Every structure is written in C-alpha cells, then in structure tokens.
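Undergrad: The structure follows.
The values are calculated or read from the model by the stated rules, or taken from the named source; none is laboratory data. Keep in mind the model is a prediction, meaning the values are calculated, not measured. All Cβ positions, glycine included, derive from the backbone under ideal geometry; neighbour counts span all protein chains shown. These accessible areas exclude ligands, DNA and RNA; they are computed on the full protein's heavy atoms, side chains included. Shrake-Rupley method; radii C 1.70, N 1.55, O 1.52, S 1.80 Å.
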Amino acid sequence: MAGSFASLARQATKLRTSVAVPKEPVDRPRYAIRTLGDTELRLPAARVDRVDDRIRDLCRDMLRSMYTAKGIGLAAPQVGVNKQVIVIDLDPETPKAAPMVLINPTIIAEGAAVDSCEEGCLSIPGVYLNVVRPTLVEVTYQDEAGRRRRIKADGLLGRCIQHEMDHLKGVLFVDRVTDTEALSSELQEHGFPADAVHAIR
C-alpha cells in the first residue's frame, strides 16, 4: 500500500491548487466550524454553478479555519456554507506543500477492497472511532480554476476525500460507526448528544 499511495500522492501533488494561505492559526477566522448537533451539518450541499473569485475566497477562508483547528480536511457545510467545496491538506506542517481544492466532487468508481481505520472530525473534536470505507476511489471534480479533474486516491488521501464528501451529503463519520458501545462512550465523554447521530446501517 505504501508504494501505491506514494505514486498516487505524486499524482495528487500535480493537481493541487494555487489557492493557498499561510499554514498558521489565525485569531479570528472568518468561519467558525459547526459541531455535531448543528442542523446545518445535515443539509445536502448545493452544486457550485460557477467557480469564480467568491469560491476561491471561500476556499482560502476554509483553509484558514482548517489550519487554525489543526485539521487536514474541511467541507463547506462544516462552516455553514451550503456549497460542494472541499479543501484538503495532508501535510499541514510543511509550508511549501500546497493544499487541494475539490469542487463538485463525484466518486465514479470504488475499489472492491475495504478497510477499517480510525477517523476524527473537526465538527466532533476529540472523538476518534473506526470507520469502514473502500481503500481506493476514483473521483472527478473541478479545481479552483474551474478545470475538470480526475484522480485515483487510496490511503489517507482516499479516506479523507470520502470523509469530506460525506459532509456534502449531510453525513458525519459517526453515522458510519458500527461499534455502538464505543460510539456512545466517546460521545458522552466529549459532551455530544447521542441522538444527533444518524446511523447508516
């Protein structure tokens, strides 16, 4: 998997966006990150009709919120914006490593293999639980210039894309957790309401 992921990571690097901001926390990011229980997290996001400067500014503001919260991925619904926009940066500690922007992403193929890995979410801080997902996905999307792109992603990148794309459908990673006992315990420990989970079985 390491070799395969390395080659896909190189491919992803070629597609990464020029929309970048300093990878440092800011005192007052424009957008606060919504947390589990907020109804806006459950709304399906609308497609972006036109990729313009407003969308690029949104991406920059999302990145500032993500870096401030020390995350590696953020979807627009998490900051209360009902748009199909995702930002990802798997290397937030490296200033020169550019983030990715995925606008109107669609999964067009999934690998047959699945695995279970621990996930967390900026909208459910402190909660980390295992989620089963396909190990490989092929995704089409538009970049920050509106150009149509296609990428195959596995490893952490593939999982992160799937996790963030769930947000565009109003789905949170806790909805996919099958270990209900661990889920209940983690939510209670971190003060989140169990009835805010919409279980997917």
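Undergrad: May I ask you to verify whether residue 127 is of a type in the set (Val, Ile, Thr) and touching a helix residue (DSSP H, G or I) at 6+ places or on another chain (Cβ under 9 Å)?
TA: Taking the combined requirement at face value, the residue satisfies it.
Undergrad: How many residues does segment 13-56 hold that are among the acidic types (Asp, Glu) and open to solvent by less than 80 Å² (accessible area, probe 1.4 Å)?
TA: Qualifying residue count for the region: 3.
Undergrad: Could you list all residues from segment 83-103 that are open to solvent by less than 10 Å² (accessible area, probe 1.4 Å) and either in a strand (DSSP E or B) or over 17 Å from residue 163 (Cβ atoms) (or both)?
TA: Within segment 83-103, 85, 86, 87, 88, 100, 101, 102, 103 qualify.
Undergrad: For segment 141-175, enumerate the residues that are within 18 Å of residue 55 (Cα to Cα), touching a residue at least 12 places away in the same chain (Cβ under 8 Å) and not in a helix (DSSP H, G or I).
TA: 141, 142, 143, 144, 145, 146, 149
Undergrad: Looking at segment 57-71 only, could you name the residues that are over 17 Å from the mean Cα position of the chain (by Cα) and either within 12 Å of residue 170 (Cα to Cα) or surrounded by 19 or more Cβ atoms within 10 Å (Cβ to Cβ) (or both)?
TA: Passing the criteria: none in range.
Undergrad: Follow-up question, since we're still on this one. Quick one: which residue in 150, 159, 176 is modelled with pLDDT of 95 or more, surrounded by fewer than 19 Cβ atoms within 10 Å (Cβ to Cβ) and among the basic types (Lys, Arg)?
TA: 150
Undergrad: Considering segment 72-82 alone, what residues qualify as being open to solvent by 10 Å² or more (accessible area, probe 1.4 Å) and either without any contact (Cβ under 8 Å) to a residue 60 or more places away in the chain or assigned to a helix (DSSP H, G or I) (or both)?
TA: 80, 81, 82
Undergrad: Quickly run through segment 108-139 and pick out the residues that are open to solvent by less than 60 Å² (accessible area, probe 1.4 Å) and outside any loop (DSSP other than H, G, I, E, B).
TA: Once the filter is applied, which keeps residues that are open to solvent by less than 60 Å² (accessible area, probe 1.4 Å) and outside any loop (DSSP other than H, G, I, E, B), segment 108-139 yields 109, 115, 117, 119, 129, 131, 133, 134, 137, 138, 139.
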